[in-house]
Amino acid sequence: MQEINVNRKAFVQRVRKGIWGYVFVSPWVALYIVFGLYPLLLSFFLTFFDYSFVRPENQTFTGIGNWVSALTDPLFWRSVYNIFYNQSIFIFLKNGLGLLIAALIFQVRTGARFFRTIYFMPVVTSVVVLMTIGDYLASPTGPLQTLLVQAGVLGSPVFWKSSNLLPMPVLALINTWKWFGISTVILLAGMYNVSPQLYEAASIDGAGAWQRFRFITLPQLRPQLLFLLTVDLINGLQMFTEVFTTFNIQGGANNQALTPVLYLYREAFDQSNIGYASSLGLVLAIMIAGLTMLQFRIFPSEE
Amino acid sequence: MSNGKRINWTEIICFTLLALGAALVLYPFFYMAMNSVKPGREILHNPTALPSEITFSGYQAVFGELDIMRLFRNSIFLAGSITLINTTFSALAAYAFAKIPFPGRRHLFAYMLSTMMIPGVLFLIPTYVIIYNIGWVGHFEALIIPSAVSVYNIFLLRQFMVTIPDQIVESARIDGASELRIFLGIVLPLSRPALATVAILGFMGSWNDFFGPLLYLNQPENWTVQLGLQMFRGTVPGENAQEIWAATTLITLPLIVLYFVLQEQFVKAFANVSLEK
């Protein structure tokens with residue numbers, strides 16, 4: 001009895017001593033309950049109903065109907081196909097170019113900082129500005145196509161936005177311009193961290209520049225590359241603004257630029273199918289979480 | 001070094017390639033600025049040429065028809081208050097997690113980190129339903145309150161604050177300083193680099209955000225620069241295209257200036273790495 005009392009007293013005392021700790025984390029706890037935990041539960045709840053803002057009183061229970069519709073919706077799978085088509089090109093280009101530029105900057109002693117500053121500049125521009133510029137530069141009457149037609153590379157201007165195959169690769173190119181600077185900076189920091197002794201030892205063993213890059217630099221950059229791959233995929237699969245600002249709400253006449261989040265937006269805010277849109281959100285979230293875990297399994301971190 | 005000459009050649013080739021690449025990266029920015037003073041008809045019919053005359057009609061339209069000053073006021077207010085509030089509350093929680101030993105701290109911290117695993121897209125619809133029901137749609141609260149504190153920023157700041165020696169905090173406690181006083185007077189000033197990171201990411205994120213304002217700020221008087229630009233794009237006829245480019249230039253300029261002033265902090269904030277050789 002005595003012992004328990006002493007323990008409890010000690011505990012109460014520790015709580016009292018740490019009382020400001022509770023006070024200081026309370027804003028996060030409060031906000032988390034309202035905008036973290038509650039939405040999480042609500043998103044599950046909503047998937048079981050037909051619910052619209054226009055007629056909230058007509059909320060009807062549909063069971064797993066929304067789930068079945070989402071998983072068998074050809075338009076949803078079209079949007080999933082589109083985003084993977086886009087991301088496989090984007091992630092390859094962005095990180096490949098980032099790696100190339102980082103390797104080049106690593107070689108120069110004068111101007112390294114200057115180049116890093118320039119290459120990182122597009123990162124600070126907004127997506128709306130990016131698409132305003134990109135849309136114009138790539139348009140059939142824009143400067144790039146005009147030059148290509150004059151040079152004879154293109155027979156006639158290409159209307160890429162209405163084509164079935166081109167929107168996703170072109171968007172990947174535009175996004176590569178904006179984002180490769182992050183890869184450059186992260187990979188460059190990784191290269192500076194590789195111990196010079198490794199290179200010296202390799203040189204003594206007669207390894208050329210390419211072999212040193214292939215067998216020393218690349219393996220040493222594994223953690224950075226894994227980090228980039230993960231973040232890119234999580235962000236990329238949630239692409240919205242790029243397509244919303246450049247195509248119509250269907251993602252083009254043939255849904256050639258429809259992304260999952262654009263589809264979700266359209267279902268929720270254009271069609272007012274809140275329950276269905278919630279199901280789409282949940283399916284997408286599960287997909288992203290699953291892929292992220294898969295990535296960590298394929299490329300286990302060293303630690 | 002004996003092979004100094006060879007290294008020099010490599011460096012010259014790399015430097016040349018980098019310079020060419022830099023020109024390509026800068027080209028779109030140059031284009032944007034050039035088109036903002038180029039007559040719209042030439043933008044349409046002569047896209048590759050330099051302007052035959054310089055016109056400021058685009059900028060006049062942007063200040064008149066678009067009322068870009070109102071967009072700027074809204075964006076500065078929104079990004080400014082989100083940055084200030086979020087940094088304050090995140091730092092407060094970070095300090096508790098780093099320096100105040102309260103029962104349950106470890107578990108709460110681990111739980112908080114686990115909430116980061118859930119992809120943001122899941123929260124889109126339910127958060128909208130909640131904010132709609134509170135009645136915040138059309139008001140800045142809809143964007144400010146949900147971002148009043150964030151897990152990632154708490155984590156970043158906490159990782160920095162644990163490196164502050166415990167003795168500093170402890171001796172202030174023995175001297176009778178209150179926790180709030182220690183936080184404001186000692187820990188915050190020492191955490192300046194981490195605070196800069198959080199503030200830069202927060203300000204840039206909300207300045208460049210499009211989706212949030214699109215969902216919640218549907219009245220023109222509440223539009224931010226990004227939303228205003230997108231709406232403006234649809235209304236300008238082709239022969240006045242310079243107006244769009246003037247707006248685009250003006251919206252991009254503040255961040256570019258900020259970036260050049262604070263470039264080291266910007267790069268560190270994004271890459272979350274130090275760049276010392």
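In table form, for the structure just shown:
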{"read-out": "Three-way shape call for the protein assembly as shown based on the alpha-carbon gyration tensor, with the a/c threshold at 1.5", "value": "oblate"}
{"read-out": "Peptide B:128-138 - average C-beta neighbours from other chains (10 Å radius)", "value": "3"}
{"read-out": "Nonlocal Lys pairs with alpha-carbon distance under 30 Å, the protein assembly as shown (8 or more apart, or different chains)", "value": "15"}
{"read-out": "Average Cα contact separation per residue, chain A, under 8 Å, 6 or more apart, as relative contact order %", "value": "27 percent"}
{"read-out": "Residue-wise HN-Hα coupling along the stretch A:175-181, computed from phi with Karplus coefficients 6.51, -1.76, 1.60 (Hz; x: Gly, Pro)", "value": "5, 4, 4, 6, 10, 5, x"}
{"read-out": "Chain B: C-alpha gyration tensor shape, a/c 1.5 cut-off, then a/b vs b/c", "value": "oblate"}
{"read-out": "Rough spin-label spacing in nm, given labels placed 7 Å along Cα→Cβ, for A:Ile298 and B:Phe56", "value": "5.5 nm"}
{"read-out": "Apportionment of accessible area to carbon and sulfur, the protein assembly as shown, percent (1.4 Å)", "value": "65 percent"}
{"read-out": "Sites matching chymotrypsin sites (Phe, Trp or Tyr not before Pro) across the stretch A:129-184 that sit in DSSP coil, with at most 16 neighbouring C-beta atoms within 10 Å", "value": "A:Phe159"}
{"read-out": "Cα-projected label distance for B:Val257 with A:Phe84, points at 7 Å along beta-carbon direction, nm", "value": "4.7 nm"}
{"read-out": "For B:112-122, mean number of other protein chain Cβ atoms within 10 Å", "value": "6"}
{"read-out": "Computed label-point distance, nm, for sites A:Gln150 and A:Asn164 using a 7 Å Cα→Cβ extension", "value": "3.5 nm"}
{"read-out": "Contour minus Cα-Cα distance for B:Ile76 and B:Tyr152 (0.36 nm per residue)", "value": "25.1 nm"}
{"read-out": "Chymotrypsin sites (Phe, Trp or Tyr not before Pro) within the stretch A:1-107: DSSP coil, no more than 15 neighbouring Cβ in 10 Å", "value": "A:Phe53"}
{"read-out": "For the stretch B:69-223: accessible area per residue (Å², 1.4 Å)", "value": "44 Å²"}
{"read-out": "Residues B:Thr88 and B:Arg173, FRET efficiency given R0 of 22 Å [Cβ-Cβ distance, rounded to 0.05]", "value": "0.50"}
{"read-out": "Peptide B:241-248 - average C-beta neighbours from other chains (10 Å radius)", "value": "2"}
{"read-out": "Efficiency of FRET between B:Trp9 and A:Leu218 - r from beta-carbon atoms, R0 35 angstrom, step 0.05", "value": "0.90"}
{"read-out": "In the B-A interface, the accessible area buried, summed over both sides, Å² (probe 1.4 Å)", "value": "7900 Å²"}
{"read-out": "Within chain A, helix-based [θ] at 222 nm, where runs of 4 or more DSSP H residues each add -39,500 (n - 2.57), nearest 500", "value": "-21000 deg cm²/dmol"}
{"read-out": "Mean residue ellipticity (222 nm) of chain B, computed from DSSP H runs ≥ 4 via -39,500 (n - 2.57), nearest 500", "value": "-21500 deg cm²/dmol"}
{"read-out": "Value of relative contact order over the stretch B:1-132, rounded to a whole percent, pairs C-alpha under 8 Å and six or more apart", "value": "11 percent"}
{"read-out": "Segment A:Ile249-A:Ala209, extension gain: residue separation times 0.36 nm, minus the distance between their alpha carbons", "value": "9.4 nm"}
{"read-out": "Estimated vicinal HN-Hα couplings, Hz - the stretch A:198-211 in sequence order (Karplus 6.51, -1.76, 1.60; Gly, Pro = x)", "value": "4, 5, 4, 4, 5, 4, 4, 6, x, 6, x, 4, 5, 5"}
{"read-out": "Mean separation of Cα contacts under 8 Å (6+ apart) over length of the stretch B:69-223, as relative contact order %", "value": "46 percent"}
{"read-out": "Förster radius 22 Å - calculated FRET efficiency between A:Phe44 and B:Tyr132 (Cβ-Cβ, nearest 0.05)", "value": "0.75"}
{"read-out": "Cα gyration tensor category, rounded, prolate or oblate, for the stretch A:172-291 with a/c compared to 1.5", "value": "prolate"}
{"read-out": "Distant-in-sequence amide H partners of A:Phe49 (H built 1.01 Å from N, under 5 Å)", "value": "A:Thr62"}
{"read-out": "³J(HN,Hα) computed for each position of the stretch B:120-136 - Karplus, 6.51 cos²θ - 1.76 cosθ + 1.60, integer Hz, glycine/proline x", "value": "x, 4, 5, 8, 3, 5, x, 4, 4, 4, 5, 5, 4, 6, 5, x, 8"}
{"read-out": "Label-reachable residues, the stretch B:149-167, where backbone N falls under 11 Å from a point 7 Å from A:Val29's Cα toward its Cβ", "value": "none"}
{"read-out": "Excluding exposed DSSP-loop GluC sites (Glu not before Pro) (at most 12 other C-beta within 10 Å), longest clean stretch of chain B", "value": "B:54-275"}
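The values are calculated or read from the model by the stated rules, or taken from the named source; none is laboratory data. These figures come from a predicted structure and were not determined experimentally. Methodologically, a virtual Cβ is constructed for each residue, glycine included, from the backbone with ideal geometry; neighbour enumeration extends over all protein chains shown. The area values use the complete protein model at the heavy-atom level, side chains included, leaving out ligands, DNA and RNA. Shrake-Rupley method; radii C 1.70, N 1.55, O 1.52, S 1.80 Å.
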